[in-house]
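These notes are about the structure you will find just below.
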Amino acid sequence: MTVTLTDVSTGVGAPADVAGVGPALRRRRPPRPGVVVAGAYLAALAVAAVAPRLLAPGDPLAADPRVVLTPPGAAHWFGTDHLGRDVWTRVVHGAAHSLTIGIAATAVAVTAGVLLGLLAGLAHRFADEALSRSFDALSAFPMLLLALLFITVAGPGTISLIVAIGVATLPHYARVVRGQTLLVRRSGYVEQAITFGSSRPRLVVRHILPNVVGPVPVLAVIGLGEAILAAAGLSFLGMGPQPPSPEWGAMLSEGRNYLQVAWWISVLPGLAVTLTVAALTVLGRHWQARFDGRWS
Amino acid sequence: MAGSPLRPVLRRVGSGLVVLWAAATAAYLALLAAPGDTVDAIVGEGADTPQIRADIVAEWGLDRPAVVQYLDYLGRLVTGDLGRSYLLQRPVAEVIGEQLAPTLALALAAAGLGVLLAVTVAIGTAGDRRPWLRRASSGAELLLVSTPSFLIGIVLLSVLSFRFGLFPVAGAHGFGSLVLPAVTLALPIAGLLAQVLRDGLDRALDEPFVLTARARGVRERVVLLRHALRHASLPAVTLAGWLFGILLGGAVIVEQVFGRPGLGQVTLAAVTAKDMPVVLAVVTLSAAVYVAVNTAADLTYLLVDPRLRRS
Amino acid sequence: MAPLVEVEDLHVDFATPTGPVAAVRGVSLTVEAGECVAVVGESGSGKSVTARTLVGLAGPTARVRAARLALGGRDVRGLRPRQWRRVRGRLAGLVVQDALGSLDPLRTVGAEIGEVLATHGIVGRAERAGRAVRLLDQVHVPEPARRARQHPHQLSGGLRQRALIATAIAAEPALLIADEPTTALDVTVQAQILALLAERRDAGQSLLLISHDLAVVGRLADRVLVMRDGEIVEQGPTARLLSAPAHPYTRQLLAAVPSASSRGRRLAEPPRLREHCGVPVLSRPPLPARPPVDPGDAVLVAAGLTKRYGTHTVVRDVSLTVARGETLGLVGESGSGKSTVARIVAGLLAPDGGEVTFERAPWTGVAERARRPRRRRLQVISQDPLSSFDPRYPVGRVVAENLEPGGDRADRRERVVELLRRVGLGPDLLDRHPRGLSGGQRQRLAIARALAPRPSLIVCDEPVSALDVSVQAQILDLLAELRAADGTALLFISHDLGVVHHLADRVLVMRDGAVVEQGPVGDVFSYPRHEYTRALVDALPALVTAGRP
């Protein structure tokens, strides 16, 4: 007689000496449904940002006093706002604003962060210490307050938003890149390459740079979500693109006054932010998991 | 060997001070970088009279060499002098002091609630006991972390306050007015903290010491609480400083959504009116608290993990 | 009385995303009260899974089936979690490898032992601390009261392993399962732990010993079971199994163990069993002959090497010479400084004192620019080959990176293929990634890369330590063949005396950063003069077997 016994609540993952389990786990699997949905959403978002008229042919600024505060329905999928503007059209056209700010801010942060992080990681002890402490100092400011300080100095607007968020998120990338640089510098393969007689520039270009920069795009995708979230917050506070620009955070702020009678004006643009950030996170984590499997 | 156990403590406190100095300097540089001359930046959109300009020059020592100005600024910070708002015609410390209490109440309530939620959720969903619950919770956390806090606030407001009238719509009077803002601020924190904690728990549960603990016949709950949770709390502790930043930044937004008085409202008003002394003070103060919180977290780390006590 | 452990037709599968993987396939075994039974096998044999299944800890994805699975006469199939908890620790204690990770690093040793006592209600709260100290004393931990208050990281590897044994026997289980209890320990410490386990066995404790090491098993076990691919291929009384193995796999395992008697012979070829003076003897085929070594023709001379970190001197006045084509063994336990010597010789670390001369020219104290072109003549093979490959490089590029410059694409590719062929890797692997290779294949790849620039000396730092014994045998055979063909000198660093005895011409014994003894391997290991060398040799769990050629 054979009996199956299971003890689900206990036990550690499969012991190491199970033949074949390790490699089998790492074999590529079809992406999970969540990843596919996230990818599809982001693709649609990209279309909305590049060619919004394909999804919403109307004018995002066109007010129509006859249809003020219409609830979502067949004529207006997302309803209309207090000026009778079509919320769907505004959300679609707002994608470009949010994405532009997010991508530009992330680009600023990644470019500066990677350069400074590499410098710190490759520099001698004193310079590294000085750079690392300045990353610490920069990240001591809560991101939103740092951005507000910047806006106080430079005034509100899209460019301010981009630079402020870029500077505030820069230390994160710089730290990761510095850590990765140190790791790669001390790695077995760099040491091995020294025994091949490789010169220092060759080591940096052939082995250190590619292995340090490799994981950065994945980080940037996840970071892009955070930047979009921060931009929406600042726009909500009135620090970003000024009305009547259809920026998601600003739309939400405008719609706030009509919350009791028309929830859709503020909630639907907010959901667009949530879905965008969530989709970017899902996709980023998916790439990260694949990356970790490949790189280490 | 008397000094050796203190060495790691001193090192952490020392590096905290260095960061603090660098942060104060960065804030000072922002002032210098402002367009126009420093007097313009400090006046902001307040009344601009020759008398006020003279006061500013005197207070900031603008007629003296740059190095002296800078050292003077640091000296005033060390003594707790945050300067004077020429827009409000009041010392900045007074302005901030008045509005500190509601923001502090909000931040502490949110932090407590967030941590409590995160720990409960992480413990309930760690390991592979209930995969469906785990998936559901991961999904919820992802959405919470991805949602702007003002959206959470607005949804809560429109459902619980406008529709059902359970909580006041605005203000900071009594416990009832604290609930929705605190929940709004706590939810994204709980989402992220729960992810970090569960990751830590999962990693700890894969460690060999968990296998040996189980092999001793220890209950699963005890394995989680006594062994795994302490290990999982270590990475979470390092997030304390970051958590604080989110609380402060979030407070600005949440106070705006719920029309709650507090530091956030002061800051926003100052940013809009370009009241530089107030903005600088808020930013520098929050950096100082961040460094203090982070240093405390590092020291806690030292307390929890005996391996780090070796110098 | 029923046997303590009864297992019949045990099957364990693990659910994986690509379908179930069978880890244990039809294993049957019994352990009588007071008996010591050993399960021996290489990685992937299913030996650990078998052991863990006995305490219900095979893992959440494991599916366990058995015709009979009983501990102390009690059927444990289908036990509920609560029932399992009464079995674990009380009926069967488990000791695993790597005590640093096996004791909770955040809790004191005393608290870990106290946890067992509390869980099973052995003694009241007030007496727990005292009992924990007594248990530590029982496993011969010196200063038990002080140690009980310490954290695992404050204990040496040997003490940690003892403390772990104390937690496993705290609730006085009838059966002690020891899964690789001495792996990763130094040989002298290993001997002490084996002595402790023998003491428990002699006191009547039943032992189920899981190990990859036949010699360890030979010291303790009454009976041995040999596992491969989830099945038991042979079992019997220890003496009979080790001296007259019936199954070809057992013979191959025994023959793969390097030792004094395997010098000049192949380890990996299937051996034959011969009668020699009425005693069965494993016969190994010979290795190719090597050209004679001229001791006067030194390829590498190191004199008075010293390396300090702060106030700690890790290498103290070490001098060594490697002649052209010679293999010099460097043995020592962890912390002996042997790897630091290897790094200095490899030119990866500058010594604080002393100098190295390589191919009659200064090797240390010279500008890196001047040394760089000469580096190709001195190559390194490390213990962990995977981490020595750039994670982005496929197999072909790993080797090509170290080729002598020149030649067009096709020519270089041909040279890579030829190098791979020499180490027994096919050209089909060229575009594969090293991550997808087995441990043995990775080490072959590392060897191919080291051979690429035709070095006169290869520094091998524990090159076979992470490998299974049969894979280790193949790599050692390969190194022996290549050195015979190319006349390459080897500086061979190892903690394993058997490996060094098998491969090296001369040996240096290091301890605490200094060389305590050196000479031809036969002399040093057969007639050790220094007491430390003697302790090392004595501690070696020798295989009392058919080891002679």
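Here the protein assembly as shown is treated with +1 on each Lys and Arg Cβ and -1 on each Asp and Glu Cβ, and its dipole about the Cα centre works out to around 1960 debye.
Count, for each residue of B:200-211, the Cβ atoms from other chains sitting within 10 Å of its Cβ, then give me the mean as a whole number. If you can, show how the numbers build up before the last one.
Numbers: counts 0, 0, 1, 0, 2, 3, 2, 5, 11, 14, 6, 14.
Average neighbour count from other chains, rounded to a whole number: 5.
Computed about the Cα centre, the dipole magnitude for chain C is approximately 920 debye when only Lys and Arg (+1) and Asp and Glu (-1) carry charge, each at its Cβ.
Between B:Y70 and C:S156, the modelled labels are 5.5 nm apart [label points 7 Å from Cα along Cα→Cβ]. Between C:A484 and B:L166, the modelled labels are 8.3 nm apart [label points 7 Å from Cα along Cα→Cβ].
Applying a 10 Å radius around every beta-carbon, put C:71-82, C:29-40 in order of their mean neighbour count, most first.
Averaged packing, sorted descending, gives the order C:29-40, C:71-82.
Among beta bridges identified by DSSP and lying wholly in chain C, the antiparallel ones come to about 60 percent.
Averaged over the residues of B:155-162, the number of partner chain Cβ atoms lying within 10 Å of the residue Cβ comes to 3. For the residues B:L157, C:L91, a 1.4 Å probe over the protein chains yields an accessible-area ranking, largest first, of C:L91, B:L157. For segment C:98-172, the Cβ-based charge dipole about the Cα centre amounts to some 220 debye (Lys, Arg positive; Asp, Glu negative; other atoms uncharged). Every helix of 4 or more DSSP H residues in chain A counts as -39500 (n - 2.57), and over all residues that averages to -22000 deg cm²/dmol at 222 nm. Heavy atoms of the protein chains alone define the surface here; on that basis chain C has 39 Å² accessible area per residue at 1.4 Å probe size. Treating r as the C-beta distance of B:V222 and A:R32 and R0 as 30 Å, the FRET efficiency rounds to 0.35. Across chain C, counting alpha-carbon atoms alone, Rg and Dmax equal 25.3, 79 Å. Modelled spin labels at C:L348 and C:E127, positioned 7 Å past Cα toward Cβ, are 5.4 nm from each other.
Quick one: check the C-alpha center-to-center distance for segment C:157-183 versus segment A:91-144, whole angstrom. Each part reduced to its Cα centre gives a spacing of 50 Å.
Over chain B, DSSP H runs of length four or greater, each weighted -39,500 (n - 2.57), average out per residue to a 222 nm ellipticity of -23500 deg cm²/dmol.
Springs between Cα atoms under 10 Å define the GNM used for chain B, and in it the highest mean-square fluctuation of B:G153, B:G83, B:G97 occurs at B:G97.
Roughly to the nearest percent, how much of the accessible area of segment B:95-184 is carbon and sulfur, given a 1.4 Å probe?
Of all accessible area on segment B:95-184, carbon and sulfur atoms account for 74 percent.
Sorting C:201-208, A:267-274, B:35-42 by their mean Cβ neighbour count within 10 Å, with the most densely packed peptide first, gives A:267-274, C:201-208, B:35-42. Estimated purely from DSSP H runs of n ≥ 4, each contributing -39500 (n - 2.57), the mean residue ellipticity at 222 nm for chain C is -9500 deg cm²/dmol once divided by its residues.
The smallest convex shape that holds all Cα atoms of segment C:98-172, its convex hull, gives 74 Å³ per residue. Note on chain B: with a GNM built from Cα contacts shorter than 10 Å, the maximum mean-square fluctuation among B:P50, B:P277, B:P261 falls on B:P50. What the phi angles of segment C:28-35 give under the Karplus curve with 6.51, -1.76 and 1.60, with θ = phi - 60°, is a coupling list of 10, 7, 10, 10, 7, 4, x, 9 Hz, glycine and proline written as x. Which FRET efficiency value, to the nearest 0.05, do you get for C:T30 and C:A260 by plugging their Cβ-Cβ distance into 1/(1 + (r/R0)^6) with R0 = 41 Å? My answer for the efficiency is 0.70. Start at zero, step by 20 Å, and the Cα-Cα distances of the protein assembly as shown spread as 10, 33, 34, 19, 4, 0 percent across the bins. Note on C:K338: lysines with a C-alpha under 29 Å away, same-chain residues under 8 apart excluded, are C:K307. Where the accessible area of chain C is counted over protein heavy atoms with a 1.4 Å probe, how much of it, in %, is carbon and sulfur? Whole-percent figure for carbon plus sulfur exposure: 49. Each part gets one Cα centre, and for segment B:276-311 versus segment A:201-250 those centres are 26 Å apart.
Neighbouring Cβ atoms from other chains, within 10 Å of the Cβ of residues in A:234-246, number 2 on average. Using the Cβ-Cβ distance between C:D137 and C:R397 with R0 = 60 Å, the FRET efficiency computed as 1/(1 + (r/R0)^6) comes to roughly 0.55.
The values are calculated or read from the model by the stated rules, or taken from the named source; none is laboratory data. All of these numbers come straight from a predicted model, not from anything done at the bench. Reconstructed Cβ throughout: ideal geometry from the backbone, glycine too, with neighbour counts over all protein chains shown. All accessible areas refer to the heavy atoms of the entire protein, side chains included, with ligands and DNA or RNA removed. Shrake-Rupley method; radii C 1.70, N 1.55, O 1.52, S 1.80 Å.
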